[in-house]
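Report on the following structure.
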Amino acid sequence: MTKQLPAAFSMVAAVTACAALPYLMGSCVKAKSDTVPKQPNIVYIMTDDHTAQMMSCYDTRYAETPNLDRIAKDGVRFTNSFVANSLSGPSRACMLTGKHSHANGFTDNEHCVFNGDQPTFPKYLQKAGYETAIFGKWHLESTPQGFDKWEIVPGQGDYYNPRFINMQNDTVVEHGYLTNVITDKSINWMENERDKSKPFCILIHHKAQHRNWLPDTCHLGLYEDRTFPLPDNFFDGYEGRKAAATAEMRISDHMDLIYDLKMDRQDLTSNLKSTYLSFVNRMDSAQRTKFEAFYEPIRKDFFARNLQGRELAEWKYQRYMRDYMKVLKSLDDNVGRVLDYLEEHDLLDNTLVVYTSDQGFYMGEHGWFDKRFMYNESYHTPLVMRLPKGYERRGDVDEMVQNIDYAPTFMQLAGVEVPSDIQGESLVPLLRGEKPEKWRDQLYYHYHEYPAEHAVKRHYGVSTDRYKLIHFYNDIDEWELYDLQEDPSEMNNIYGKPGTETITAEMMERLRRAQEQYDDPIRHQFPI
Ligand code: SGN
Ligand code: CA
């Protein structure tokens, strides 16, 4: 996925071009012909913690996701798609506003309440004549604004018999499995509730694939005969990477046997046991009976074996993978239902379908689950799109894109002029099949949530298609530099190593310019 820099690379020219781009791309879409929809519908499907390693159009080692792949096959697959801050609430705020976390104010899940009075793409689309709706995960604490219809799950949501908060601020419990219920509500809105004289924009935002991976009862038995290959760096010793060493997201040490892996037994306890029980106690007796009948023999076998050390870590990894895959099966099927609905109602030609995740996730790489780091698995996020008629790009889009780009993309598609304070760049030129010569060649990242669960230190950084520079700060002061071509798994921190002086200076300059371009106040605390 990485490309080599041209030998005679001119950093100054590249950075200047990058800074100028948002302003150049703010004009409205010109229809190429009468057949190009002026205001296409937008179906923006987003999952939680679904990572590209677990999507078969990106990686064939583990998962089969035929319906997600269908979007890519008929449209485009972004190969260099990244987030600005690898965490749910912050990602959602970046996507709604088109701005980095420090600019939209929602920097972390723990302390922030989204200021819903600020401009967001749904508000702009409403003004442009769209009908807008969101169903599913919201996670921004304040009440959604800019939607004609919303039904959101409280916080992280419940897999079973989920609660929804509706526009009257009532909490209603729906019977069933959350991924199905969100899809039912979304299809019902498209079919029965919206004003069919208007273009529409619907956000179908799933809780799946978030922890603690409770599969639907009909999928419990899947993948049990599969043994998944361990990532090469599963037993990472974190040499030269202090923040990685102190993070608390190792499958071996921090993945909870009860909560995450369902190995509950009456006499056992853990910090997360009460959360586990609050989730499984939501099941009705038929659901619970199937659930217990499935896990009970696995528990018996597990407790009898008394695994330790590496054997235990590998056993945990296999269970994690299997449960994640089962939850993914529901997700893929439900995305298929949405695509079928659009196809059967002749809406596909007139609709942009987007599939992405709020961030990537670790599936055992570096020994981890969870996200947060600017390292590849959690910085990268899947992004595929099926395009409305007249938008001609197909196959892979290799340009560097980021989740701050979605808002200006949707706005430009809707014919809304993109204000200059939006920090993302519209992807519309790429979707039209243009090959912009001066597309951005670096991305900026800033993660703020520390101290917090999983103990990932605060950090910011800049990446190009070849290198990544990261600064961990707060109660640590550590720099890391990676050559992504030589070391795609980011195991070898070359910061400060002899021979890296020139590239370090170039990446520092890029970081300085990115922080200035996006006006991140952190640059006053750590001037470069
Ligand atoms: C919960 C999870 C964490 C996860 C955060 C953020 N713990 O707190 O493992 O990192 O959400 O996830 S849990 O015990 O409640 O499952 S995010 O995707 O919403 O940002
Ligand atoms: Ca998430």
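Data overview
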| item | result |
| --- | --- |
| Additional length obtainable on full extension of the chain from residue 222 to residue 286, 0.36 nm per residue less Cα span | 21.1 nm |
| Spin-label pair residue 497/residue 242, simplified geometry with 7 Å Cα→Cβ offset, distance in nm | 1.9 |
| Kirkwood-Stokes translational diffusion coefficient of the range 297-361, alpha-carbon pairs, 25 °C, 0.890 mPa s, µm²/s | 160 |
| Where labels lie 7 Å past Cα in the beta-carbon direction, separation of residue 389 and residue 452 in nm | 4.5 |
| Contact order normalised by residue count of the chain, Cα under 8 Å, 6+ apart, percent | 27 |
| Contour minus Cα-Cα distance for residue 273 and residue 117 (0.36 nm per residue) | 52.3 nm |
| Nonlocal amide H pairs with residue 158, under 5 Å, H built at 1.01 Å | 163 |
| Cut-off 18 Å, label 7 Å out along Cα→Cβ of residue 310, residues of the range 208-247 by amide N | 228-239 |
| Whole-angstrom Cα spans of the range 51-109 along principal axes, big to small | 37, 22, 18 |
| Whole-percent carbon and sulfur share, accessible surface of the chain, 1.4 Å | 48 |
| Enclosed volume per residue, in Å³, of the convex hull spanned by Cα atoms of the range 309-461 | 156 |
| Gyration tensor (Cα) of the range 412-528, equivalent ellipsoid semi-axes in angstrom | 29, 19, 14 |
| Amide H within-cut-off set for residue 42, under 5 Å, with H built and near neighbours excluded | 200, 201, 202, 352 |
| Peptides ranked, highest mean first, by Cβ atoms within 10 Å: ranges 138-147, 421-430 | 421-430, 138-147 |
| Estimated inter-spin distance, residue 253 and residue 191, nm [label 7 Å along Cα→Cβ] | 5.1 |
| Too-long pairs where the Cα-Cα distance tops 32 Å, listed order kept, from 329/435; 99/326; 137/457; 73/99; 99/468 | 329/435; 99/326 |
| Contact order relative to length of the range 385-477, as percent, for alpha carbon pairs under 8 angstrom and 6 or more apart | 21 |
| DSSP H segments from the chain that extend 18 Å or more along their own axis, Cα-based, with Kyte-Doolittle mean of -0.5 or above | 11-24 |
| Segment residue 420-residue 474, extension gain: residue separation times 0.36 nm, minus the distance between their alpha carbons | 16.3 nm |
| Rotationally averaged projected area of the chain (alpha carbon convex hull; nm²) | 23.8 |
| Karplus-derived HN-Hα couplings along the range 483-491 (A = 6.51, B = -1.76, C = 1.60, θ = phi - 60°), whole Hz, x at Gly and Pro | 9, 5, 6, 7, 9, x, 8, 6, 9 |
| Under-27-angstrom lysine pairs by C-alpha in the range 170-292, whenever the two are 8 or more apart or on separate chains | 10 |
| DSSP bridge pairs, the chain: antiparallel proportion in percent, nearest 5 | 50 |
| Surface accessible to a 1.4 Å probe, per residue, for the residues of the chain, Å² | 37 |
| Size of electric dipole in the chain: Cβ of Lys, Arg +1 and of Asp, Glu -1, about Cα centre, debye, nearest 20 | 480 |
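The values are calculated or read from the model by the stated rules, or taken from the named source; none is laboratory data. Computed from a predicted model, the values in this text were never measured in an experiment. Methodologically, a virtual Cβ is constructed for each residue, glycine included, from the backbone with ideal geometry; neighbour enumeration extends over all protein chains shown. For accessibility, only protein heavy atoms count, side chains too; no ligands or nucleic acids. Shrake-Rupley method; radii C 1.70, N 1.55, O 1.52, S 1.80 Å.
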